[in-house]
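*Asks:* One structure follows; several queries about it will come next.
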Amino acid sequence: MVRTCEVALPLPLRTSFTYRVPDALDELAVTGARVVVPFRNRSMLGVILERGNRADNAELKEIAEVPDAVPALSPRLIELGRWVASYYLAPIGETLRAMLPPSVELQFRREWLINDAGRARLQQLQSKADLGETELAELSLLQLCESKGGAVTCGLLRKLPGGSAAGARLLRRNQLVVREEGRHRAPRTQKIVAWKEQATPDPVRAAEARIYRALSESGGPLPLQHLLKMAKVSRPVIERLLKEAKVDVWEEPVIPEPVPQEVDQLVPWNLLNDEQTSVVEEIRGRLRTCAFHSALLYGVTGSGKTEVYLRAVEATLALGRTAIILVPEIALTMWMARLCRARFGGALAVLHSGLSDQERAREWWRVRRNEARIVVGTRSAVFAPLEEIGLIVVDEEQESSYKQEEAPRYHGRDVALMRAKLEGAVALLGSATPSLESFHRAREGKYKLLCLGSRVENRPMAAVEISDLREDFRRTHRSAPISQSLNAAIARELAANKQSIVLINRRGYSWFALCRSCGATVLCENCSIALTYHKTRGRLACHYCGFSRQVPRACPKCSSEHIYFVGAGAEQIEEHLRALFPQARIARLDRDAVRRKDAFGKVLRAFGAGNIDILVGTQMVAKGHDFHGVTLVGVAAADAQLGFPDFRAAERTFQLLTQVAGRAGRGKLPGQVIVESYHPEHYAIQLAARQDYVSFFEKELHFRRLMHYPPFVSLASVLVRDTKLEKAIRWSRQIEAFFEAQKPTDIKILGPAAAPLARLKREYRFHFLLKSSRRAALNQLLHKCLAHCAEREIPDRGILVDVDPVNLL
């Protein structure tokens, strides 16, 4: 019998691969372990799904290495990964890759090797008298391969003019082959300097005296770079002291700095009101059962949901179990982590994509080694390798950012529910504006509905005023970034030394550039969407693919010079407010203003400390923040999302307005909210102004029932894409024919049709929308569809299946 293992590799393939386990690695190669294996001409890092034995004599490749002393993934995480792959029709290898830490300790070296066919091609090119540009590039690459003993690294390949393209052509014709080997990265080291005990510093030499003083005051050796800065000396001084035997210098591995922890001291608990006490006791009772429970915490903004989360974590830790807290934005992880660290000390890990690979790997392995009992992070933190999980909190569970837009296209909230089920834990979903699906499930009894109906200390909800921009235009006969009523309200708050927030859910200065002569807009070269004008950068930019260009002096279509910028973004509103209120301290919070990962926290801390009077921002400012000094919130272009071709447009508008309105009046002073709209009569805006979620839920649910949308049906989309329009159309017709042949009676299929964004990142896109009241039937049809695509040799990357999509653009 041959000992084998099934390995999942990070490839877009819905299968695993069998490898032989050598005797030397038998004890380490267990289920869930990471392994380095040969795959074709390269080495890859995969995960063992299961062990087995084979009696046949088939030739199997051996696993080359097991880099970890303990398996990276526990059996329950492997089971969760299999569920995610099955439910979301994702390749198992890509699913498990999303659960693993960055492989910072391994590196893979790729080489290009010449073979016999390549040598024949080399002789052919050398014998030709007149060579074209592409042939010259191939000749140079093949000659380099031959001179280097048959192999060229990727670095050398890139230095050759046209080398990458030539390599791709030769590889395609089998005149070059690729070999990739995995190896451990050499640890980063640094020079350490220490003063020898018997050596005496020369008092005449000032630099030497400073070095001696710096080493003496530090109480021991110092890293060379640190010492050079402290003593204000150069390297030659250290080298001279080394020759004179006055110092010792040696190499040590660099120990990475831990993830910054902004709060170290413990703080007292807040007092709970009667509603909070009742909810906390309900959660404690469910935690004591050590069984799976799901609950939806519906609480108005400012009702103290975060305090309930912290009390639930406290009860979980008291039972000897661990907890995960998921938040929708990276910025909110910093705020939530500070609260948890202040309450529970340092047994906390933070996981999100804003960390560097080294930081994320270090935090991940802290969790795996049981050095942390609480994990705070964004959606990927749901896969944190905690043991004995008792509680998973999903804050702002309605947020679309919990949905992964790349493979595997999982929803963090739904994966959290499944993980809680596998772990026998409590899943607590929280929101002031729950998704219709979650609130509907709570109404049906699938989730326990927990309610917080009033604000902490019975503070009143902020008064909301709707500003009709149509009336504002009739009075002023001009279009301004913000209305007169909001201008006056901001001036009033500034005079009273109070703080204001202005929300505009549009980045940039203007929405797009328009030619007044022919009506054309300046479009992205890669996507079928107009470019956004960014004044600070002086460029037009695409927020989907990153393409940018200079602002044209004339219309690209008709050469007219009458270019007009339409709409106001966050940049323009900031500029407008600075002109109106030059004495005010104004800051902007969006992706363009806070590109560095620490910039977001700096702005929020300054605003929380009262050092900023007006904060302008996108939806980053709308959720989770607790600023007691804010008494005014203004919302510009409140109805911008209502025109989107998406059945959730009204729900998203209501949620955003309700959330941002909740930022006002959270302290002792009452709050005011001004919502600007060209459609003030729309029910989403009217009910958001009243902050009446239940009425909105009932009205929106009626439309969903009539139009057969979630929560009454399960939804999936099939997107067909390719850089060649002809291929995308042909594949769409083949899939259409497959669906027609299946004749599913319980599944409604819409399409194919051009996607709302018909071209994105140079790819033409057509989509199908599938609706079914039976999720199992829908899942089965999608699996058959993918099998049909494989039979027709439609490439995997050309078909994108999204189960429970939240974005239909």
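The values are calculated or read from the model by the stated rules, or taken from the named source; none is laboratory data. It should be emphasised that the depicted structure is a prediction, and the values quoted were computed from it without experimental measurement. A quick note on method: Cβ atoms are made from the backbone with ideal geometry, for glycine too, and the neighbour counts reach across all protein chains shown. Heads up: the accessible areas ignore ligands, DNA and RNA and are worked out on the full protein's heavy atoms, side chains in. Shrake-Rupley method; radii C 1.70, N 1.55, O 1.52, S 1.80 Å.
*Asks:* Sort out which residues of the range 410-425 are assigned to a helix (DSSP H, G or I) and open to solvent by 10 Å² or more (accessible area, probe 1.4 Å), and write them in order of number.
*Replies:* Residues satisfying the conditions are R413, D414, L417, M418, K421, L422, E423.
*Asks:* Okay, moving on. Taking the residues in the range 553-582 that are over 23 Å from Q619 (Cβ atoms) and without any contact (Cβ under 8 Å) to a residue 24 or more places away in the chain as candidates, determine which candidate is least open to solvent (accessible area, probe 1.4 Å).
*Replies:* That would be A554.
*Asks:* If you don't mind, there's one more thing I want to ask. From the list S16, S43, which one is closer than 13 Å to G81 by Cβ, out of contact with any helix residue (DSSP H, G or I) (no Cβ under 6 Å at 6 or more places or on another chain) and open to solvent by 10 Å² or more (accessible area, probe 1.4 Å)?
*Replies:* S16
*Asks:* Another one. When you scan the range 336-351, do you find a residue that is touching a residue at least 12 places away in the same chain (Cβ under 8 Å), touching a helix residue (DSSP H, G or I) at 6+ places or on another chain (Cβ under 8 Å) and more than 17 Å from Y309 (Cα to Cα), even just one?
*Replies:* Yes, some residue in the range 336-351 is touching a residue at least 12 places away in the same chain (Cβ under 8 Å), touching a helix residue (DSSP H, G or I) at 6+ places or on another chain (Cβ under 8 Å) and more than 17 Å from Y309 (Cα to Cα).
*Asks:* Something else now. How many of the residues in the range 661-679 are surrounded by fewer than 21 Cβ atoms within 10 Å (Cβ to Cβ) and hydrophobic (A, V, I, L, M, F, W, C)?
*Replies:* Result for the range 661-679: 1.
*Asks:* For the range 347-364, enumerate the residues that are open to solvent by 40 Å² or more (accessible area, probe 1.4 Å) and either under 24 Å from A312 (Cβ atoms) or part of a helix (DSSP H, G or I) (or both).
*Replies:* Once the filter is applied, which keeps residues that are open to solvent by 40 Å² or more (accessible area, probe 1.4 Å) and either under 24 Å from A312 (Cβ atoms) or part of a helix (DSSP H, G or I) (or both), the range 347-364 yields D357, Q358, R360, R362.
*Asks:* Here is a further query. Go through (1) open to solvent by 10 Å² or more (accessible area, probe 1.4 Å); (2) assigned to a helix (DSSP H, G or I); (3) touching a strand residue (DSSP E or B) at 6+ places or on another chain (Cβ under 9 Å); (4) touching a residue at least 40 places away in the same chain (Cβ under 8 Å) for V382 and report which single condition fails.
*Replies:* The one condition V382 does not meet is (1).
*Asks:* Okay, next question. Residue under question is V7, and the condition is that it be β-branched (V, I, T), under 22 Å from S103 (Cα atoms) and open to solvent by less than 40 Å² (accessible area, probe 1.4 Å); does it hold?
*Replies:* yes
*Asks:* Can you give me the number of residues within the range 626-640 that are small (G, A, S) and closer than 11 Å to D613 by Cα?
*Replies:* Residues in the range 626-640 being small (G, A, S) and closer than 11 Å to D613 by Cα: 1 in total.
*Asks:* Just need a number here: residues in the range 57-98 that are acidic (D, E) and open to solvent by less than 70 Å² (accessible area, probe 1.4 Å). Break it down stepwise before answering.
*Replies:* As a first pass, look at the range 57-98 and keep what is acidic (D, E): 59, 62, 65, 68, 79, 94.
The next check asks that each one be open to solvent by less than 70 Å² (accessible area, probe 1.4 Å); those that pass are 65, 68, 94.
Residues in the range 57-98 being acidic (D, E) and open to solvent by less than 70 Å² (accessible area, probe 1.4 Å): 3 in total.
*Asks:* A follow-up question, please. Please work out if F703 is open to solvent by 70 Å² or more (accessible area, probe 1.4 Å), among the aromatic types (F, W, Y) and either modelled with pLDDT under 95 or more than 30 Å from the chain's Cα centre (by Cα) (or both).
*Replies:* Taking the combined requirement at face value, the residue satisfies it.
*Asks:* H682: free of Cβ contacts under 8 Å to residues at least 24 places away in the same chain and surrounded by fewer than 21 Cβ atoms within 10 Å (Cβ to Cβ), yes or no? Spell out the reasoning first.
*Replies:* Values: free of Cβ contacts under 8 Å to residues at least 24 places away in the same chain: no; surrounded by fewer than 21 Cβ atoms within 10 Å (Cβ to Cβ): yes.
Judged against the criteria, H682 is not a match.
*Asks:* Checking Q572 against (1) part of a strand (DSSP E or B); (2) in contact with a Phe, Trp or Tyr (Cβ under 9 Å, 6 or more places away or on another chain); (3) not small (G, A, S): exactly one of these is not met. Which one?
*Replies:* All conditions are met except number (1).
*Asks:* If you don't mind, another one. Being out of contact with any strand residue (DSSP E or B) (no Cβ under 6 Å at 6 or more places or on another chain) and either touching a residue at least 60 places away in the same chain (Cβ under 8 Å) or open to solvent by 50 Å² or more (accessible area, probe 1.4 Å) (or both) is the filter; apply it to the range 530-542 and report the residue that is farthest from R765 (Cα to Cα). Walk me through it before giving the result.
*Replies:* Residues of the range 530-542 that are out of contact with any strand residue (DSSP E or B) (no Cβ under 6 Å at 6 or more places or on another chain), as a first pass: 535-538, 542.
Pick out the ones that are also either touching a residue at least 60 places away in the same chain (Cβ under 8 Å) or open to solvent by 50 Å² or more (accessible area, probe 1.4 Å) (or both) and you get 535-537.
Working: K535: 31, T536: 33, R537: 31 Å.
Only one residue tops the list, namely T536.
*Asks:* Listed residues I48, I63; which is modelled with pLDDT of 95 or more and either touching an Asp or Glu at 6+ places or on another chain (Cβ under 7 Å) or over 30 Å from V718 (Cα atoms) (or both)? Before you say what the answer is, go through the steps one by one.
*Replies:* Numbers: I63 fails: modelled with pLDDT of 95 or more.
The conditions single out I48.
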